Amino acid sequence: MFTSLNQMLVNQFGPLGPLMALGGLGLLLILAALPIMLKKQVDPLTKLKESNRGAASTLSAPRNGKAPAKKSLRMGNGGSDKLDKFATFLEPKTEEEMTSARLKMVQAGYRGRNAVRTFHAIQFVMGIVCLVIGVVYALISSATGEISTTKLILSVIIPGAVGYYLPRYWVDRRVQTRQAEIQNGFPDALDMLLVCVEAGQSLDQGIIRVSKELAAGYPALAEEFETVSAEVKAGKDKIAVLRSFAERSGVPDVASFVTVMIQSQTFGTSIAESLRVYSSEMRDKRVMRAEEAANKLPTKMTLGTMMFTVPPLLIILVGPSVYDMIQMFANFSM
């Protein structure tokens, strides 16, 4: 039976008929399994709350035929996220993975409540779209001419993999760019904070002032300082706020600064003196990083110099001599 089916597919669609049939069957299976995977399980506690709410609204309904009063906005759930019903499929299953994913999105600058869910949705959609583009390209290539099976598989898999990993690459680049910005602007922020503290302001007031001053030059660092000041105003413990600041930034310099501030607050030492010593160290460290980058520059330029400078120079210097030798040999041969 399989032999006759294979022969029929080959006669109908050509040598790639069996492969196309398998691809179509796999796509149908995926489409059939998606509704089951995307279906979110309803929480029993949510069911109980909804039933109690419905019973309460029934009991409080007017009996004289008048229209019921409008619902309070606090009880309405019309503003729920559109991807909420796909949360089971789009969010990590364990708490550790969810915490790690949220931290990475925060480090990339995406602080939304549904940032992790949106990221996985974009990753899934881009993977499917690029996979479909690869399938279309493979079908067009197989219809216009002969194509090997390896090339056919690669033309389908590579676009799908690129579309799936492109959002992750984007987030990683955002994290690196944001951390580099925080690292470059942190010494200036410490100098400003030291000036504010020595002028008589408290550490909290100094952080608010520094966040306003850094908004134009280093927006990522200014945003982090604004978050710190908002958490302190909300009544959160200052030590926990500083540790969250170090965790969100992911920069070793910020983690060291947080350690210094916590120790200064714990042992009762002068915050201004701690800031003065640490800001001096940060300035020296920034100069050392600049010198390190400058020392790496000649090594990085070696390849470019050899590829784009040496060949033209050799052509200019040796070219006339080679031309004269060719002309001389041509005259001798005549």
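The values are calculated or read from the model by the stated rules, or taken from the named source; none is laboratory data. Since we're looking at a predicted model, the values are computed, not measured. Glycine also receives a Cβ, built like all others from the backbone with ideal geometry; neighbour counts cover every protein chain displayed. When the accessible area is computed, the model is the full protein with side chains, heavy atoms only, and any ligands, DNA or RNA have been set aside. Shrake-Rupley method; radii C 1.70, N 1.55, O 1.52, S 1.80 Å.
Only residues that are open to solvent by less than 40 Å² (accessible area, probe 1.4 Å) and touching a Phe, Trp or Tyr at 6+ places or on another chain (Cβ under 8 Å) were counted in the range 160-193, giving 7. Selection of first residues in the range 124-143 that are more than 14 Å from SER155 (Cα to Cα) and of second residues that are of a type in the set (Asp, Glu) and surrounded by 14 or more Cβ atoms within 10 Å (Cβ to Cβ), restricted to Cβ pairs under 6 Å at least 6 apart or on distinct chains, gives an empty result.
Looking at the range 245-285, which of its residues are within 30 Å of TYR110 (Cα to Cα) and of a type in the set (Asp, Glu)? Listed by number, the residues that qualify are GLU247, ASP253. Within the range 297-334, the set of residues being open to solvent by 100 Å² or more (accessible area, probe 1.4 Å) and among the charged types (D, E, K, R) comprises LYS300 only. For first residues located in the range 220-233 and closer than 13 Å to PHE186 by Cβ, partners that are open to solvent by 40 Å² or more (accessible area, probe 1.4 Å) and lie 6+ apart or on another chain with Cβ distances below 7 Å form the pairs ALA220/GLU181; LEU221/GLU181; ALA222/ALA215. Scanning the range 235-245 for residues that are surrounded by 12 or more Cβ atoms within 10 Å (Cβ to Cβ) and not small (Gly, Ala, Ser) turns up LYS236, LYS238, ILE239, VAL241, LEU242, ARG243, PHE245.
If you go through the range 214-234 one residue at a time, do you hit one that is under 22 Å from SER280 (Cα atoms) and open to solvent by 40 Å² or more (accessible area, probe 1.4 Å)? Yes: the range 214-234 contains one or more residues that are under 22 Å from SER280 (Cα atoms) and open to solvent by 40 Å² or more (accessible area, probe 1.4 Å).
Report yes if ILE157 is open to solvent by 60 Å² or more (accessible area, probe 1.4 Å), more than 23 Å from THR227 (Cβ to Cβ), part of a helix (DSSP H, G or I) and at pLDDT 80 or above, otherwise no. The answer is yes for ILE157.
Picking from residues in the range 86-116 that are in a helix (DSSP H, G or I) and open to solvent by less than 20 Å² (accessible area, probe 1.4 Å), the one that is modelled with the lowest pLDDT is ALA87.
Within the range 117-132, the presence of a residue that is basic (Lys, Arg) and outside any helix (DSSP H, G or I) is excluded.
Taking the listed residues LEU166, LEU154, LEU190, the one that is touching a residue at least 60 places away in the same chain (Cβ under 8 Å) and of a type in the set (A, V, I, L, M, F, W, C) is LEU190, with no other qualifying.
The residues of the range 246-261 that are surrounded by 15 or more Cβ atoms within 10 Å (Cβ to Cβ) and either without any contact (Cβ under 8 Å) to a residue 12 or more places away in the chain or over 23 Å from ALA220 (Cα atoms) (or both) amount to a single one, ALA255.
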